[in-house]
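FYI, it's all coordinate maths here, none of it is from the lab. Worth saying up front: this structure is predicted, and the values here are computed from it rather than measured. No Cβ is skipped: glycine too gets one built from the backbone with ideal geometry, and neighbour counts run over all protein chains shown.
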Amino acid sequence: MPRKKRVWYPGAVYHVMNRANRRVVLYKDEDDYYSFIESVQITSKIYQFKIHSMCLMTNHFHMLIETADTELWKIMKRMLHPYAMNFNRKYHYTGHLFEDRYTACLIENERYFLEASLYIHLNPVKAHMVREPIAYEYSSYGGFIDINGADKKKITKYIEELVETKRVLDAFGNNSREQYRLFVEGKISHAEQEMLIQKDIGEDDMWLPW
């Protein structure tokens with residue numbers, strides 16, 4: 001069963017979430033999303049980790065991160081600190097941008113890995129921001145089901161370029177993109193797993209975007 005852990009395992013996968021302090025927004029305009037993704041991209045080149053799914057909500061974010069030879073805390077510090085400094089400077093804020101240290105749940109089996117990816121991609125739907133996950137522009141979902149979408153915004157493509165889809169899609173065999181779409185958008189209830197993930201990651205309705 002996945003548990004919150006502070007320890008680090010080489011090659012481990014974590015469901016990582018962090019949210020803004022005092023429920024303020026993390027991304028006030030399109031440039032902020034670009035700035036955050038740029039920080040993620042630079043960090044990934046330094047530490048060689050993989051991101052298997054990603055969604056940037058207005059006041060928090062979710063990622064599935066697979067570490068290599070670097071502790072997760074170093075990755076997150078290098079990823080988040082520059083963004084927080086730039087954000088505070090841009091908007092003349094003081095104090096901590098993020099509520100607390102990130103939350104990271106160790107993924108210990110393949111089923112939970114896939115359910116966490118589903119949870120991440122359905123986050124905007126659960127928050128009633130969009131009706132379908134493909135409609136949310138700050139998510140990696142489109143890279144799993146529609147890799148060549150011509151109408152995607154630049155920021156969406158930028159996010160998708162950071163995400164490694166192979167491990168998730170390999171779990172679905174033939175016609176994997178369509179199978180993953182059915183897994184995410186299908187009518188099969190994932191309520192039990194969703195509640196477990198919410199408990200593990202520490203997310204509830206109080207943290208839905210305003």
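If Lys and Arg each add +1 and Asp and Glu each add -1, what is the summed charge of the other residues whose beta carbon sits under 13 Å from the beta carbon of Lys152?
Counting the neighbours of Lys152, the net charge comes to -2.
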Q) Counting other C-beta atoms within 10 Å, which of Ile155, Ile46 has the fewest, and how do the rest follow? A) Ile46, Ile155
Q. Measuring from the lowest to the highest alpha carbon on each principal axis, how far does the stretch 38-156 reach, largest first, in angstroms?
A. 37, 35, 25
Q: Could you tally the net charge around Ile46, taking each other residue with its Cβ under 10 Å from the Cβ of Ile46, Lys/Arg +1 and Asp/Glu -1?
A: +3
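So, by mean Cβ neighbours within 10 angstrom, what's the order for 53-65, 86-98 with the highest one leading?
Result, highest mean Cβ count within 10 Å first: 53-65, 86-98.
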